[in-house]
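Undergrad: Please read through the structure below; I'll follow up with questions.
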Amino acid sequence: MDADGAFRAYHPHPGLGLDAIQHAGYPGNWWALATDNGKPSGHPVVQGKTDPAPGYYVSMTALFNPGNPNERDPRRFVDAASIPYVVLPPAGLKHANLGDFATVINRRNGKISGAIVADESAPSLKMGEGSMALADALGINSNPQTGGIEHGIAYVIYPGSGNRKPRGLDEIVSISGRYFQRWGGSLKLNSCLPYGFNKN
């Protein structure tokens with residue numbers, strides 16, 4: 001589960017953020033928070049009264065809106081609470097780009113969701129994560145601290161399909177759906193998976 005980019009992902013006081021602060025880094029190495037010097041070594045930036053969640057830290061994603069130059073603006077990043085996105089490890093990003101479209105399938109219940117590649121995970125993870133919104137769409141517990149599942153999820157990524165920019169929910173759903181059908185849809189997916197899947 002990934003809460004990065006959500007306006008209430010992390011808070012200075014333990015227990016108030018959607019996710020545990022250690023998932024954003026630690027003093028001297030903040031990898032998921034905007035900082036006052038723009039580097040991991042800086043101090044985390046707290047949202048002000050005109051931001052979506054005053055008092056919470058500004059949580060970042062690797063994919064951001066290049067048209068918004070303000071690195072301290074939480075709206076610059078992809079909101080995990082409202083946008084279905086996938087997180088790929090560095091090895092995965094050798095084949096796909098941030099901003100590419102994807103289709104994600106929960107093989108346990110047959111639910112399918114469009115998504116966008118919006119963040120990068122640690123090199124040690126063989127596969128990445130999914131945003132809270134993606135988990136909701138797939139019928140998975142979306143609590144960043146207690147939710148998620150480790151097996152039964154299939155990813156179909158469409159390399160080169162994006163423009164390296166964030167997209168709106170409707171656009172993600174419609175475009176990824178077209179790519180999925182063009183790729184071969186459910187029939188192609190069943191031929192790729194050892195046990196197939198059942199679409200509800």
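Undergrad: Taking A80 and the conditions (1) farther than 30 Å from G139 by Cβ; (2) touching a strand residue (DSSP E or B) at 6+ places or on another chain (Cβ under 9 Å), which numbered condition does it fall short on, given that it satisfies the others?
TA: Every condition holds for A80 apart from (1).
Undergrad: What number of residues in the range 111-143 are touching a strand residue (DSSP E or B) at 6+ places or on another chain (Cβ under 6 Å) and of a type in the set (S, T, N, Q)?
TA: Total meeting the criteria: 3.
Undergrad: Among the residues of the range 19-76, count how many are of a type in the set (S, T, Y) and under 21 Å from Q145 (Cβ atoms). Step through it out loud before you land on a result.
TA: Just the residues of the range 19-76 that are of a type in the set (S, T, Y), to begin with: 26, 35, 41, 50, 56-57, 59, 61.
If we keep only those that are under 21 Å from Q145 (Cβ atoms) as well, we get 26, 56-57, 59, 61.
Number of matching residues: 5.
Undergrad: Of all residues in the range 153-172, which are of a type outside the set (D, E) and surrounded by fewer than 16 Cβ atoms within 10 Å (Cβ to Cβ)?
TA: Filtering the range 153-172 for residues of a type outside the set (D, E) gives 153-169, 172.
A154, P159, G160, N163, R164, K165, G168, L169, listed by residue number.
Undergrad: Here's something else I'd like to know. Tell me, which residue of the range 135-152 that is closer than 23 Å to L193 by Cβ and at pLDDT below 95 is surrounded by the most Cβ atoms within 10 Å (Cβ to Cβ)?
TA: Within the range 135-152, the match that is surrounded by the most Cβ atoms within 10 Å (Cβ to Cβ) is G148.
Undergrad: Which of the following residues is among the small types (G, A, S), under 30 Å from G185 (Cα atoms), modelled with pLDDT under 95 and touching a helix residue (DSSP H, G or I) at 6+ places or on another chain (Cβ under 8 Å): G110, G128, G92?
TA: Working: G110 fails: touching a helix residue (DSSP H, G or I) at 6+ places or on another chain (Cβ under 8 Å); G92 fails: touching a helix residue (DSSP H, G or I) at 6+ places or on another chain (Cβ under 8 Å).
Going through G110, G128, G92 in turn, just one is among the small types (G, A, S), under 30 Å from G185 (Cα atoms), modelled with pLDDT under 95 and touching a helix residue (DSSP H, G or I) at 6+ places or on another chain (Cβ under 8 Å): G128.
Undergrad: Restricting the first residue to the range 9-28 and requiring it to be under 18 Å from N141 (Cα atoms), which pairs with a second residue that is among the charged types (D, E, K, R) meet a Cβ separation below 6 Å and a spacing of at least six or different chains?
TA: Close Cβ pairs (under 6 Å, with a partner that is among the charged types (D, E, K, R)) amount to A9/D19; L18/R8.
Undergrad: Moving to a separate point now. I'd like the full set of residues that are touching a strand residue (DSSP E or B) at 6+ places or on another chain (Cβ under 7 Å) and buried (at least 19 other Cβ atoms within 10 Å of the Cβ), limited to the range 13-33.
TA: Within the range 13-33, the subset touching a strand residue (DSSP E or B) at 6+ places or on another chain (Cβ under 7 Å) is 24-25, 30-33.
Listed by number, the residues that qualify are A24, W30, A32, L33.
Undergrad: Right, here's the next one. Could you check, for the range 40-49, whether at least one of its residues is out of contact with any Ser or Thr (no Cβ under 9 Å at 6 or more places or on another chain), in contact (Cβ under 8 Å) with a residue 24 or more places away in the chain, assigned to a loop (DSSP other than H, G, I, E, B) and buried (at least 18 other Cβ atoms within 10 Å of the Cβ)? Break it down stepwise before answering.
TA: Looking only at the range 40-49, we keep the residues that are out of contact with any Ser or Thr (no Cβ under 9 Å at 6 or more places or on another chain), and these are 40, 46-49.
Checking the rest, the ones that are also in contact (Cβ under 8 Å) with a residue 24 or more places away in the chain come to 46-47.
Now drop any that are not assigned to a loop (DSSP other than H, G, I, E, B), which leaves 47.
Now drop any that are not buried (at least 18 other Cβ atoms within 10 Å of the Cβ), which leaves 47.
Yes, that holds for at least one residue.
Undergrad: Say we look at the range 58-77 and pick out the residues that are of a type in the set (D, E, K, R) and within 15 Å of the chain's Cα centre (by Cα); which of these is surrounded by the most Cβ atoms within 10 Å (Cβ to Cβ)?
TA: Let us first name the residues in the range 58-77 that are of a type in the set (D, E, K, R), namely 71-73, 75-76.
If we keep only those that are within 15 Å of the chain's Cα centre (by Cα) too, we end up with 75-76.
Working: R75: 15, R76: 20.
Of everything passing the filter in the range 58-77, R76 is surrounded by the most Cβ atoms within 10 Å (Cβ to Cβ).
Undergrad: Here's another thing I want to ask about it. Look at the range 146-167 and say how many of its residues are touching a residue at least 60 places away in the same chain (Cβ under 8 Å), part of a loop (DSSP other than H, G, I, E, B) and either within 15 Å of the chain's Cα centre (by Cα) or under 25 Å from K188 (Cα atoms) (or both).
TA: Looking only at that region, the number is 10.
The values are calculated or read from the model by the stated rules, or taken from the named source; none is laboratory data. Since the structure is predicted, the reported quantities are computational estimates derived from the model, not experimental observations. Heads up, the Cβs are rebuilt from the backbone with ideal geometry, glycines too, and the neighbour counts pull from every protein chain shown.
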